[in-house]
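The structure under discussion appears below in the form of structure tokens.
The values are calculated or read from the model by the stated rules, or taken from the named source; none is laboratory data. All of these numbers come straight from a predicted model, not from anything done at the bench. So basically every Cβ, Gly included, is an ideal-geometry build from the backbone, and we count neighbours across all protein chains shown. Each accessible area value is taken on the protein alone, full model and side chains, heavy atoms only, with ligands, DNA and RNA left out. Shrake-Rupley method; radii C 1.70, N 1.55, O 1.52, S 1.80 Å.
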Amino acid sequence: MKTSADAVRDYLFAVEREASALPADRRQELLADLTEHIEVTRAERPDAPVGEVLAELGDPRTIAATALAETESGATGLSVKGVDAAPARRGKVHPLVPLLMLTLSLPFMMIFPDLPGPAFGVLFRIIGAVLLCTSVHWTAVQKTTGVLLTAVLPSAVFATANLSGNGPATGAPALLANLAALVLLAGVATWLWRARRV
């Protein structure tokens, strides 16, 4: 008995086979777009049968022919049954929101070092990480890297510093550590902003 994963895999294999005339990078982009469209559609409509979702995308031969025609004419983007697939990528949350929440969590904790500042900073960091992970604007690798560098690493470093035998750092060392972490957060947020899919 075929599972839904088997049906999706077979469908993508058929598209890949039909699109063999495309350059390898364009073919991989097409498959990634289709995979993402399928994932987004199934997340939005979990009760919809996978066959229905695949039928909405269209025949693999038609998709491949359209992609080949677009590549030859210099156009970009995936067109499925006359509908541009780019709107399927649009998330419900603007991509700037998780980046701002992850980046501004540290300055919030620095400006308001007493409660509730740290609590709000941690809350911002958690919400920002969740929004980043559920966004459609980045690949899984970009999301993982972003969460590790903006949420996990700074939290682990600060927890280790605060729980060490010397107690929390104060004065110039603490300020330098916070500024270094802020530069890291801003750098990763800038990288994610530039790497996002529109």
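Filtering segment 123-144 to residues that are within 20 Å of ALA159 (Cα to Cα) and in contact (Cβ under 8 Å) with a residue 24 or more places away in the chain leaves ARG125, ILE126, ILE127, GLY128, ALA129. When ALA129 is tested against (1) at pLDDT 85 or above; (2) closer than 29 Å to ASP33 by Cα; (3) over 14 Å from the mean Cα position of the chain (by Cα); (4) of a type in the set (A, V, I, L, M, F, W, C), only condition (3) is not met.
Of all residues in segment 3-44, exactly one satisfies the criterion of being β-branched (Val, Ile, Thr) and open to solvent by 50 Å² or more (accessible area, probe 1.4 Å), namely THR3. In segment 102-114 there is no residue matching the filter, namely being modelled with pLDDT of 85 or more, of a type in the set (A, V, I, L, M) and surrounded by fewer than 17 Cβ atoms within 10 Å (Cβ to Cβ). Out of segment 45-68, which residues are free of Cβ contacts under 8 Å to residues at least 24 places away in the same chain, surrounded by 14 or more Cβ atoms within 10 Å (Cβ to Cβ) and of a type in the set (Gly, Ala, Ser)? GLY58, the sole residue that qualifies. What residue, among those in segment 69-82 that are at pLDDT below 75 and among the hydrophobic types (A, V, I, L, M, F, W, C), is most open to solvent (accessible area, probe 1.4 Å)? Result: ALA75.
Among residues of segment 10-22 that are free of Cβ contacts under 8 Å to residues at least 24 places away in the same chain and under 12 Å from ILE38 (Cβ atoms), those with a Cβ under 9 angstrom from a residue that is open to solvent by less than 30 Å² (accessible area, probe 1.4 Å) and hydrophobic (A, V, I, L, M, F, W, C), sequence gap 6+ or separate chain, pair up as LEU12/LEU31; LEU12/LEU34; LEU12/ILE38. Identify all residues within segment 12-24 that are out of contact with any Pro (no Cβ under 6 Å at 6 or more places or on another chain) and either hydroxyl-bearing (Ser, Thr, Tyr) or under 12 Å from ALA67 (Cα atoms) (or both); write none if there are none. Across segment 12-24, the qualifying residues are GLU16, ALA19, SER20, ALA21, LEU22, PRO23.
Remark: pairs (first residue in segment 178-197, closer than 18 Å to GLN142 by Cα; second residue of a type in the set (D, E, K, R) and in a helix (DSSP H, G or I); Cβ separation under 9 Å; 6+ apart in sequence or on different chains) = LEU192/LYS143; ARG197/GLU36; ARG197/ARG89.
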